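Below is one structure, written out as C-alpha cells; comments come after it.
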Amino acid sequence: MIPLYKLEKFPRSLRLRKIIKTFGEAEYRLSLGIDLSAEDYRYLVEILEFLIPDPGFAPGIARAITDASRTLKIRALLQRQDLSRVLNTIRYLLLAETGRSPADWDFIDHSGRLDGEKRRCFPGMRVYLEDIRSPFNVGSIFRTAESFGVETIFLSPWCADPNHPRAARTAMGCVSVLAWERLAPDRGLETPCFALETGGTALKDFTFPSRGTLIVGSEELGVSPQALAVADASLGRVSIPTYGTKGSLNASVAFGIALQSWAAALALS
C-alpha cells in the first residue's frame, strides 16, 4: 500500500496509474475467491476520498468516484460480485482518464482455473483455422470452441500462435484445456469437412454432420481456393445471412454463430 502522502507527490498521470494498479490487484484477489480485509477496504475508501477533490475529473466521473466511496463504506452489505463491479468500474474510468483504451491484458478473468477433466466435448467435432492472422481472433475462437464442445482445433502453418500473449489472454485459459495441433505445410485437410464462407447454404438450412471439420479462413481473404475445393467435394459451404450494407462479419464472430448452430444440432441428436 502506497501512503497517501506519497501518492500526493506523484505527477497526476503517475498517481492515477498507481491507483489503477491498486484497484486491479484488489479485483484480482476477489476473482481468486480471496476476501478483502477491513484494512483493504479502509485503504480503498481513503484512495477514493483522496480522488474526490481532484478538479481534473469530469462531473460524471467525480460522481462515480463519490458513489463508489459511499458503497465501499457499507461493505458488510456487499456481495463479492458487487464489490468486483465497483472496483472494475472505477479502474476503467481511471484508465480512460489517463488516455488509455483498455487492452486485453487489462481484463481480469473472473472464471478461475479451468478443469479440462470436466469439459464436455462432441467427439469428432473439429475446427481448422486457415491463416487466421490476429492473435485476438485466435484466442476468441479458442474460447468459443471450448464453450461449444469442440474436440480438436487444427491450425494452418501461418495461423497466429495460440500461445501468443494476446491470444492466450483472450482465450482465458481455454488454450490449455482444448486439444490443438498445428498442421505441417504438406498435410491436407481431414474429411468430412465444410467451409464457413459466403455463397453457401444458409445457416438454418445446412445439415451439420455428427463428425467433421469446420474450416474458417483468413480475416482478409477467406477460405483458400484449395481448402474450398476440398470442402465443396465433401460437405460444402455454410453461410450466415446478413442484412446490412457490410457483407461479412469478423472471423471470430462468424465462427461463434456457426459453431453454436452446429453444437445445438449435435446436442439434439
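A short reminder: the numbers here are calculations on the coordinates, not readings from a lab. Note that the coordinates shown come from a computational prediction; the quantities given were computed from them, not determined experimentally. Here Cβ is always computed from backbone atoms with ideal geometry, including for glycine, and neighbour counts include all displayed protein chains.
Here are the numbers for the structure shown:
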read-out	value
At R0 = 35 Å, FRET efficiency that the Cβ-Cβ distance of Arg133 and Thr89 yields, to 0.05	0.55
Net dipole in debye of the range 116-268 [+1 Lys, Arg Cβ; -1 Asp, Glu Cβ; about Cα centre; nearest 20]	460
Projected label distance in nm at Lys18 and Ser248, using a 7 Å step from Cα toward the beta-carbon	4.8
Ranked Arg237, Arg187, criterion: other C-beta atoms within 10 Å, fewest first	Arg187, Arg237
With Cα atoms, 0 to 90° folded angle of helix 59-73 axis to the chain main axis	80
Dipole moment magnitude, nearest 20 debye, the chain about Cα centre, only Lys, Arg, Asp, Glu C-beta charged	800
Paramagnetic reach from Ser224 (point 7 Å along Cα→Cβ, amide N under 17 Å) across the range 129-152	129-134
The chain, relative contact order [Cα under 8 Å, separation at least 6], %	16
Summed residue charge, Cβ within 9 Å of Arg29's Cβ, Lys/Arg positive, Asp/Glu negative	-4
